[in-house]
1. Which pairs turn up if I take residues in segment 153-171 that are closer than 13 Å to Pro114 by Cα and outside the structural domain of Ile247 (by TED's automatic domain parsing) and look for partners that are surrounded by 16 or more Cβ atoms within 10 Å (Cβ to Cβ) and of a type in the set (Gly, Ala, Ser) with beta carbon separation below 8 Å, at least 6 apart in sequence or on another chain?
2. Run down Val175, Val159 and say which single residue is surrounded by 18 or more Cβ atoms within 10 Å (Cβ to Cβ) and either among the polar types (S, T, N, Q) or within 30 Å of Pro64 (Cβ to Cβ) (or both).
3. Working only within segment 277-312, note down all residues that are among the hydroxyl-bearing types (Ser, Thr, Tyr), touching a residue at least 60 places away in the same chain (Cβ under 8 Å) and more than 15 Å from Ile247 (Cα to Cα).
4. Would you pick out the residues in segment 249-276 that are touching a residue at least 40 places away in the same chain (Cβ under 8 Å) and among the polar types (S, T, N, Q)?
5. From the list Tyr248, Tyr224, pick out the single residue that is farther than 22 Å from Gly308 by Cβ, part of a helix (DSSP H, G or I), hydroxyl-bearing (Ser, Thr, Tyr) and touching a Ser or Thr at 6+ places or on another chain (Cβ under 8 Å).
6. In segment 108-119, which residues are crowded, with 21+ Cβ neighbours inside 10 Å and not charged (D, E, K, R)?
7. For segment 30-54, which positions are modelled with pLDDT of 95 or more, surrounded by fewer than 16 Cβ atoms within 10 Å (Cβ to Cβ) and either of a type in the set (A, V, I, L, M) or in contact with a Pro (Cβ under 6 Å, 6 or more places away or on another chain) (or both)?
8. All but one of (1) under 21 Å from Ile207 (Cα atoms); (2) crowded, with 18+ Cβ neighbours inside 10 Å hold for Gly122; state the number of the condition that does not hold.
Amino acid sequence: MGTPDFAVEGLKVLVEGGYNIVGVITMPDKPMGRHQDTLQPSPVKQYALEHGLKVMQPVKLKDPEFVDELRSLNADLQIVVAFRMLPEIVWSMPKYGTFNAHASLLPKYRGAAPINWAVINGETETGMTTFMLKHDIDTGDIIDQVRIPIADTDNVEIVHDRLMALSGELVVKTVDSIIDGTFTTTPQDEWLKDGVKEDSFAPAPKIFRETCRIDWNQPTKKVYDFVRGLSPYPAAWTMLNGKSVKIYKTEKEISSHSLPCGTIVSDGKSTFKVATQNGYINVNVLQLEGKKRMPVADLLRGFKVTDGMMFE
């Protein structure tokens, strides 16, 4: 069960490993185009159809027809990667239950956007966790984890792709341990490693447009992490002269100054930076409203940025 590219990797390794996949569940096709009259299948559906797998796309997961069809497959195990919350009638159906492969080191970063929030919060490590589903989202007993470092220069795309590559390996390892009966589970409140304490756990809620607005009245490192945690999608943004500006790539500069936060300092030719609490954010790649994404040097050739202009 899954929808985006991230979920394809787990399905791919199971197909290539010769596992008996009796069905694939994904979201209904998404309307696309100016008039919303073109239906776009999910990456998971596309892969499943290319490999001759049965695909189900329920609108409602409690729909009796879908539940009956799912039950008729007689699946021994269900696997969830980047999908929506399942009702108990679905996750409790298989003989061996249902496990989820989640892109964080649970119990930290429960929620819809764990990779974004790990980078936004300046984490130096993240990973993948497999756990058995239960009533409350992302709270089930942990089966296994794999960890990766997050470099200070990594954006969310880099971390996403690295985790995606690891997810298939962890899915297969978990499936094999369930098949041969060697797997064990640990309640999340006992999975306290490396000195992680209950009060340091962090949520990972869904990200909306307003979530992505930059607050320049923050320490430089916080702003820097915020930008890379949203780059390239959905992208951090700010306002300049009443228009939105998306910012994709920056560098941080810690220094003293007396400028109001959000003040732009530019040479007018190839660089500009923005004042924060304890330094500057050097902007490298950005996109003005109605324009394409570009390096700052390209922007400055056709758009005048002067000292004293303010990002809001």
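1. Here the result reads Val156/Gly229; Val156/Ser231; Glu157/Ser231; Val159/Ala118; His160/Ala103; Leu163/Ala103; Leu163/Gly127, each pair linking segment 153-171 to a residue that is surrounded by 16 or more Cβ atoms within 10 Å (Cβ to Cβ) and of a type in the set (Gly, Ala, Ser).
2. Val175
3. none
4. Thr263, Ser266, Thr276
5. Matching residue, one of Tyr248, Tyr224: Tyr224.
6. Passing the criteria: Tyr109, Ala113, Pro114, Ile115, Asn116, Trp117, Ala118, Val119.
7. Leu49
8. Unmet condition: (2).
The values are calculated or read from the model by the stated rules, or taken from the named source; none is laboratory data. The structure displayed is predicted, hence computed values, not measured ones. Neighbour counts are summed over all protein chains in view; Cβ atoms, including those assigned to glycine, are modelled from backbone coordinates with ideal geometry.
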